[in-house]
């Protein structure tokens, strides 16, 4: 089971990552986000920053659909993310090794020059 502390530790271990000041977590490479806290929008209420759910960059719609269909207990989406290469990730449903793999893939896709190794 992973949590926001794991996200922070893993993100900051990647080269050239910056953390944006946030009520939760928000990590970028070359000014492009690759993982951040889910800003849940609730009708008639202020948004709630969910540090138990991460928004994860996945590259394209095909990868998004594969994750959503293949592991619905782990990944989900909301209408606000329709058409975007992003999934919502329930951190408590993944182990730290899998989280590291997902984050590294997202980081590689957003990096200006994909490094050959981390």
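Bear in mind these aren't lab numbers, they're just calculated from the coordinates by the rules spelled out. Computed from a predicted model, the values in this text were never measured in an experiment. Here the Cβ is made from the backbone with ideal geometry for all residues, glycine too, and neighbour counts use every protein chain on show.
Taking neighbour counts of Cβ atoms within 10 Å as a proxy for exposure, in what order, fewest first, do 49, 35 appear?
Listing 49, 35 from fewest to most nearby Cβ atoms yields 49, 35.
Structural descriptor for the chain: relative contact order 29 percent, calculated from alpha carbon pairs under 8 angstrom and at least 6 residues apart. Each of 18, 51 was scored by other Cβ atoms within 10 Å of its Cβ. Listed from fewest to most, they are 18, 51. Each of [x] 14.9; [y] 14.4; [z] 16.6 is a candidate for Kirkwood radius over Cα pairs in Å; the one calculated from this structure is [y]. Between 26, 95, 52, the Gaussian network model of the chain with springs among Cα atoms under 10 angstrom shows the greatest mean-square fluctuation at 95. Spin-label model, residue 45 to residue 22: label points 7 Å out along the Cα-to-beta-carbon direction sit 2.1 nm apart. Here the residues 113, 100, ranked from fewest to most Cβ neighbours within 10 Å of their Cβ, fall in the order 113, 100.
Spin-label model, residue 104/residue 77: points 7 Å from Cα along the beta carbon direction are separated by 2.6 nm.
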